[in-house]
1. Just to be sure before I move on: is A239 among the small types (G, A, S), closer than 19 Å to H144 by Cα, touching a residue at least 24 places away in the same chain (Cβ under 8 Å) and in a loop (DSSP other than H, G, I, E, B) in the structure I sent?
2. So, of the residues in segment 49-63 that are buried (at least 19 other Cβ atoms within 10 Å of the Cβ) and of a type outside the set (A, V, I, L, M), which turns out to be nearest to the ligand (Cβ to nearest atom)?
3. Against the definition (crowded, with 19+ Cβ neighbours inside 10 Å and touching a Cys at 6+ places or on another chain (Cβ under 6 Å)), how does A270 come out, yes or no?
4. In segment 162-184, which residue that is farther than 17 Å from D301 by Cα and not hydrophobic (A, V, I, L, M, F, W, C) is farthest from the chain's Cα centre (by Cα)?
5. Among the residues of segment 105-112, is there at least one that is part of a strand (DSSP E or B) and not aromatic (F, W, Y)?
6. Given the criteria in contact with a helix residue (DSSP H, G or I) (Cβ under 7 Å, 6 or more places away or on another chain), more than 21 Å from G149 (Cβ to Cβ) and basic (K, R), does K252 qualify?
7. State whether the residues of segment 125-132 include one that is touching a residue at least 40 places away in the same chain (Cβ under 8 Å) and outside any helix (DSSP H, G or I).
8. Among the numbered criteria (1) of a type outside the set (A, V, I, L, M); (2) in contact (Cβ under 8 Å) with a residue 60 or more places away in the chain; (3) in contact with a Ser or Thr (Cβ under 7 Å, 6 or more places away or on another chain), which single criterion is violated by T193?
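The values are calculated or read from the model by the stated rules, or taken from the named source; none is laboratory data. Just so it is clear, the structure is predicted and the values come from calculations on it, not from any experiment. Here the Cβ positions follow ideal geometry from the backbone for every residue, glycine too, while neighbour counts run over all protein chains shown.
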Amino acid sequence: VSLQNDLTEMLNLRYPIVSAPMAGVSGGELAAAVTNAGGLGLIGAGYNDANWLTQQIALCHSTRFGVGLITWKLAETPDLLTMALTYQPVAIMLSFGDPKPYIDTIKKSGAKLICQVQTVADAIYVKQLGADIIVAQGSEAGGHGASRGTFALVPAVVDSVMPIPVLAAGGVADARGFAAALALGAHGVLVGTRFYACKEALGHAQAKEYLTKSTGDETIRSTIFDSLRQLNWPRPYTARTLQNILTANWNKDPEILNQYLADPKIYQTAVEEGNYAVAAIFAGEDVDLIHEILSAKQIIDEMVKI
Ligand SMILES: Cc1cc2nc3c(=O)[nH]c(=O)nc-3n(C[C@H](O)[C@H](O)[C@H](O)COP(=O)(O)O)c2cc1C
């Protein structure tokens with residue numbers, strides 16, 4: 001199977017594998033490790049500020065990287081995009097919201113524009129806006145997303161936006177998922193959860209440990225943790241996390257959630273202390289397939305054995 005195609009040519013890659021810009025997880029060290037292993041690493045700067053991003057870019061030590069931003073959040077911190085572009089990222093990925101206000105700035109910079117979408121209609125919309133690469137994200141995905149499954153969404157997006165390269169996202173954690181994505185017509189994959197349980201990823205060691213022991217059955221989509229974090233995520237986005245006492249009990253006993261909502265510091269403390277009985281671990285259905293914390297190079301070397 002040839003792994004060279006329009007996507008690898010556009011981004012100058014050995015393998016059509018891109019690591020997702022996971023907020024709080026995808027820093028410069030992971031991005032550089034993914035790029036050095038033949039893919040493209042994206043730094044996830046969604047909730048962070050320009051200082052944080054500068055530090056993470058420095059950790060790439062001149063290795064090629066891209067930056068992923070949360071589109072609706074960018075309206076609150078537009079300097080993040082301007083600053084990111086001064087470091088000449090290979091690509092900027094925008095997800096969750098209307099990318100239109102930022103298209104001209106990104107295109108003029110020379111960075112490739114990657115747009116992540118959850119519906120065929122949005123794929124056609126971002127194609128018309130000028131997206132260079134489109135990520136079709138199914139609801140199996142860890143973190144935020146919407147309701148369509150990867151398996152039917154990917155080929156439908158491929159057909160609708162041809163010849164624009166499409167990355168499949170949501171549920172790809174090993175060589176089987178990678179091969180399936182290519183069989184569905186995708187040019188490559190955007191992988192999140194598998195790279196969370198990775199040596200170079202940011203994130204609490206205990207959270208990574210949980211990923212190696214959990215199953216997809218134990219994940220759930222909700223808006224609970226956005227409410228607790230006081231983040232104004234717009235509709236229709238929900239987030240897939242591992243279940244914990246909050247997801248298990250909030251609809252049986254809303255008082256439990258109300259206590260946390262009344263004092264956001266309680267949740268914040270749980271996050272800081274790595275208390276995952278309460279704090280969210282954002283993860284996809286593909287945690288079933290993750291049994292070990294590996295290096296980015298080990299993950300990619302295994303994934304390309306198709
Ligand atoms: C821990 C975590 C955090 C995420 N944060 C972001 C984010 O900040 N921005 C974004 O565009 N996508 C984010 N995502 C979603 C990814 O872009 C991607 O769609 C998803 O990880 C793909 O599915 P997978 O997790 O099954 O590989 C996140 C995913 C995870 C697991």
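1. no
2. This residue is Q56.
3. Taking the combined requirement at face value, the residue does not satisfy it.
4. Step by step, filter segment 162-184, then rank; the result is P163.
5. Taking every residue of segment 105-112 in turn, at least one turns out to be part of a strand (DSSP E or B) and not aromatic (F, W, Y).
6. no
7. yes
8. With respect to (1) of a type outside the set (A, V, I, L, M); (2) in contact (Cβ under 8 Å) with a residue 60 or more places away in the chain; (3) in contact with a Ser or Thr (Cβ under 7 Å, 6 or more places away or on another chain), T193 is out only on (3).
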